[in-house]
Amino acid sequence: MGFRAGEIPVVEEILIIGGNAAGLTAASRAKRIDPRLQITVLEKGPHIAYSTCGIPYYFAKIVTADQLLSYTPESFEKERGIKVHNNTRVDAIEPGRKRVTAVHTDTGETIEFTYDRLLIATGVTPKVPDIPGTDLKNVFTITTLQDAIHAYEALGPAKAVSIIGAGYVGLELAESLHGLGKKVRLFEREPQVLPTVDRDMAQIIEYELQRFGVTISAGAKVLALVGHEGRVNGVKAASGIGIEPSEVVLLDTGVAPNVNLARDAGVKIGVTGAICVSSSMETSVPGIYAAGNCIETYCPIRRRPVLSYLGTVATKQGRVAGDNLAARRAEFYGAIGTTVLKVFDLAVARTGLSVREAGAESIPVESARIEAMDRAEYYPTARKLWIKLVAARDSRKLIGAQVLGYGEAARRIDVAAAAITAGMRVDELAQLDLAYAPPYGNLWDPLLIAAQALMKRLD
């Protein structure tokens, strides 16, 4: 990249594969740090910069598909000075030549892009269960906005919908579709809904679903999707309920890191099946970085890499990657899996490890669960919360929390997440100086009451 005297130096080329949370955050951050960088983003789908987490509310007709889009390729280039090629599928990365080969899927044209530094942010691919009938019409995975748009069209006339999988997406979709007057049945192979919380907390979620008329088949092994004339019309499970009539089936059966491009380019894949990266988001191939749902995420509680599919984590990783793409040193310190979702009137929040997850890591723990009101009981807007805390038996450090309820759950889970990240012992958590006024909280916050109950178990 030489230049003649008096000329502006040729800028470095940054190429990013993936046009959503991690990729666009990295692109924006790098451009902000060094405006001279020539940054190009390649996205295989038609849409960029959309809220995957908002898709259930699109189904519920609370928002439109356009409202989930923060940018189009044109508006992103105009505002950020970053060129985006959508409908562009990358077929190969050649690290030795620092070149990428792609195809414009709307025209079939093959095009090559060169780079000085590359970011892989290829996200995930859906796991489709290995059962008959998944190729029938009106059977959908919901991984992208385009998936959601196709499913939305089929859902319009449908009266009965089955959701296979009762994880985060499945639970949110159940509420959204119930609100449209659909008959909804949830199938979950685990013995409870939302396996990332403990069984005693999952029972509260199940009660809420049943209270609103959602039918749950937990511990149900789905054997096949059945259909007529190529279109799904039922779900056959091993639970003895026969064939459940269903005009649309939505699959929330998990996702896997999309690592094919990286693997074919010689990038190291970690033990989790995701791309292995350093704390600076650099892969095993110098000059190639990766971020978002396709990479391993370090968990400071387990002290090992895990899979993470959270948009909040992906954007942080994208920011760190953007710093390093622009030659500014930055590190990602890890994530502990802090989430919150809405299940009808119930807020469901968790962070760190559940008792079951701690057992899988061979970490001896104690736990305690309490019920309390989220603010002064006499105040008109007081609502019930259930809080469960998990601590390591030897160190007394808080390593997990679950908060469910009809009141301020998110606030408590955020405090717990901060306490876990800071390595606080339960004894320290029990004395945190938290804000109090009757309209907002209790003299003894429920989180502190839960910590006191856990201290008794540890003593």
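The values are calculated or read from the model by the stated rules, or taken from the named source; none is laboratory data. From a predicted model like this one, the values you see are computed outputs, not experimental measurements. All Cβ positions, glycine included, derive from the backbone under ideal geometry; neighbour counts span all protein chains shown. Each accessible area value is taken on the protein alone, full model and side chains, heavy atoms only, with ligands, DNA and RNA left out. Shrake-Rupley method; radii C 1.70, N 1.55, O 1.52, S 1.80 Å.
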Can you tell me which residue is most open to solvent (accessible area, probe 1.4 Å) among those in segment 177-204 that are farther than 27 Å from Ile131 by Cβ and not in a loop (DSSP other than H, G, I, E, B)?
Gln203
Over segment 88-108, the set of residues outside any strand (DSSP E or B) and more than 19 Å from Glu13 (Cα to Cα) is Thr105, Asp106, Thr107, Gly108
Considering only residues that are closer than 21 Å to Ile205 by Cα, basic (Lys, Arg) and surrounded by fewer than 23 Cβ atoms within 10 Å (Cβ to Cβ), which ones fall in segment 393-420?
Arg411
Of the candidates Thr52, Thr105, the one satisfying the condition of being touching a residue at least 40 places away in the same chain (Cβ under 8 Å), touching a strand residue (DSSP E or B) at 6+ places or on another chain (Cβ under 9 Å) and polar (S, T, N, Q) is Thr105
Would you confirm whether or not segment 308-325 contains a residue that is in contact with a Leu (Cβ under 9 Å, 6 or more places away or on another chain), over 20 Å from Arg117 (Cα atoms), at pLDDT 95 or above and surrounded by 18 or more Cβ atoms within 10 Å (Cβ to Cβ)?
no
Test for Arg36: is it closer than 18 Å to Leu119 by Cβ, touching a Lys or Arg at 6+ places or on another chain (Cβ under 9 Å), open to solvent by 30 Å² or more (accessible area, probe 1.4 Å) and touching a residue at least 12 places away in the same chain (Cβ under 8 Å)
no
Filter result (closer than 22 Å to Tyr309 by Cα, open to solvent by less than 20 Å² (accessible area, probe 1.4 Å) and in contact (Cβ under 8 Å) with a residue 60 or more places away in the chain) within segment 348-373:
Val348, Ala349, Arg350, Thr351, Gly352, Ser354
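Residues are listed down the side, and each one gets a yes or a no for (1) within 30 Å of Ala22 (Cβ to Cβ); (2) buried (at least 23 other Cβ atoms within 10 Å of the Cβ):
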| residue | (1), (2) |
| --- | --- |
| Glu206 | no, no |
| Val226 | no, no |
| Val235 | no, yes |
| Ala256 | yes, no |
| Lys268 | yes, no |
| Met281 | yes, yes |
| Cys294 | yes, yes |
